[in-house]
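The values are calculated or read from the model by the stated rules, or taken from the named source; none is laboratory data. Because the structure is a prediction, the values reported are computed rather than measured. In this analysis, Cβ positions are derived from the backbone assuming ideal geometry, glycine residues included, and neighbour counts consider all displayed protein chains. Accessible surface is based on the protein model in full, side chains and every heavy atom, while ligands, DNA and RNA are left aside. Shrake-Rupley method; radii C 1.70, N 1.55, O 1.52, S 1.80 Å.
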Amino acid sequence: MKRLIKEIGKDFTVLNLTDTQLSNDEWAEGHSNRSILEYTVKELVKRLKPDLLTVSGDLAWAGHDHAYDMLADFLDSFGIPWAPVFGNHDNQDGAETVNSVAARYMTYKNCIFEKGEKELGNGNYVISIEENGVPLKAIFMMDSHDRAPYTTDGGTEELAWAKLLPNQARWIEEQAYELKQKGCKDASLIMHIPNFSYRLASAAAYKSGVDLKSVTLRQSYGDDCWNDGYTDSIGVQYEGIGSYPADDKIHEVVKKTGIIKRIISGHDHVNNWIIRYDGIDLIYSLKTGAGCYWTPELNGGTVLKINENGTYKVYHEYVDVKHLI
């Protein structure tokens, strides 16, 4: 468990980046996608002065060692603790490739990544944000892997987007119990691939008949597209939800812990909604940069503000990069 200290009387700010995902070639000096990513993160850090940077996966493309190292050099240059988890594109070349990146990242001065238990994947760890020795806030950083087998209703075997494993769910429960014993009352779970309840939340929150691809970002901050009980939701959904297609039971595990109040994921680059579903805030982090695919209006990062009571505010911070396109 990594421990960070919150200054008394001052908010602790967490800035989550996601799907930075540049290739080796895109990290070349002068490449527009590098310029967009660097400008975006620099602007976020300047505005927010975060105490912790987290990155919810798809850091680069598996096998692009130069890209992983360039990203690490860049993030470490801010002198702020930074904590990544791996996404499907990080995992797609297998455990040996991921382990090589993890080993290099752990040599960086400000990187607080931990590999965690090998049986759980690579990068399952907890960050405890403490004041006067009490963990005010915990962040569960989880490896959501790449692909997992799935049997369709027709009996066909196929590979689907992966999910957290049963032993990861048990580990979450164990860690949460220990944190509660120490006085922790608020926690977040950060992983790359959204869990199944994101599908349920979308179906419950958006009004029937709403054309999701036509909802503008401005409209999504109003009430018109949301069902009663979900009008405090915000954000758009311009692509399908890339979770494992069957219930992974993670929502039930999160609720059972009693302290995990929100799940933050990436993966689906042009979705950025925040919906409170069945007592848990399900959050699509705002895409950071132009890597892989994006829409420029959905560019920036997602912010968690923490005070002596835990997380009291979560929002997206947008960065306009039209001048760089």
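The set of residues in segment 303-325 being open to solvent by 60 Å² or more (accessible area, probe 1.4 Å) and not in a strand (DSSP E or B) consists of GLU308, ASN309, ASP320, LYS322, HIS323, ILE325.
The set of residues in segment 79-95 that are open to solvent by 10 Å² or more (accessible area, probe 1.4 Å), of a type in the set (A, V, I, L, M) and in contact with a strand residue (DSSP E or B) (Cβ under 8 Å, 6 or more places away or on another chain) contains only ILE80. Within segment 275-302, the set of residues being among the aliphatic types (A, V, I, L, M) and in a loop (DSSP other than H, G, I, E, B) comprises LEU286, ALA290, LEU298.
Rundown of residues vs (1) assigned to a helix (DSSP H, G or I); (2) touching a strand residue (DSSP E or B) at 6+ places or on another chain (Cβ under 6 Å); (3) hydrophobic (A, V, I, L, M, F, W, C), yes/no style:
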| position | (1), (2), (3) |
| --- | --- |
| ASP73 | yes, no, no |
| THR97 | yes, no, no |
| ALA102 | yes, no, yes |
| LYS109 | no, no, no |
| LEU136 | no, yes, yes |
| ALA169 | yes, no, yes |
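Can you confirm whether GLY266 is of a type in the set (Gly, Ala, Ser), at pLDDT 95 or above and at positive phi? Quick ask: steps written out before the conclusion?
On the way: of a type in the set (Gly, Ala, Ser): yes; at pLDDT 95 or above: yes; at positive phi: no.
When the stated conditions are applied, GLY266 does not pass them.
Checking each residue in segment 212-257 for being over 17 Å from the mean Cα position of the chain (by Cα), under 19 Å from SER285 (Cβ atoms) and polar (S, T, N, Q) picks out SER220, SER233.
Quick check on segment 218-274: of everything there that is of a type in the set (S, T, N, Q), assigned to a helix (DSSP H, G or I) and free of Cβ contacts under 8 Å to residues at least 60 places away in the same chain, which residue is surrounded by the fewest Cβ atoms within 10 Å (Cβ to Cβ)? Checking each candidate, the answer is GLN219. Give me the residue from segment 275-325 that is of a type in the set (Lys, Arg), touching a residue at least 40 places away in the same chain (Cβ under 8 Å) and in contact with a Leu (Cβ under 9 Å, 6 or more places away or on another chain) and, out of that set, nearest to CYS225 (Cα to Cα). Looking at residues that are of a type in the set (Lys, Arg), touching a residue at least 40 places away in the same chain (Cβ under 8 Å) and in contact with a Leu (Cβ under 9 Å, 6 or more places away or on another chain), I get ARG276. Within segment 111-134, the only residue that satisfies the criterion of being open to solvent by less than 10 Å² (accessible area, probe 1.4 Å), small (Gly, Ala, Ser) and not in a strand (DSSP E or B) is GLY123.
Condition check for VAL45 on (1) open to solvent by less than 40 Å² (accessible area, probe 1.4 Å); (2) part of a loop (DSSP other than H, G, I, E, B): one failure, at (2).
Taking residues in segment 11-39 that are touching a residue at least 24 places away in the same chain (Cβ under 8 Å), and partners anywhere that are among the aromatic types (Phe, Trp, Tyr) and open to solvent by 20 Å² or more (accessible area, probe 1.4 Å), the pairs with Cβ atoms closer than 6 Å and at least 6 places apart or on different chains are SER23/TRP61.
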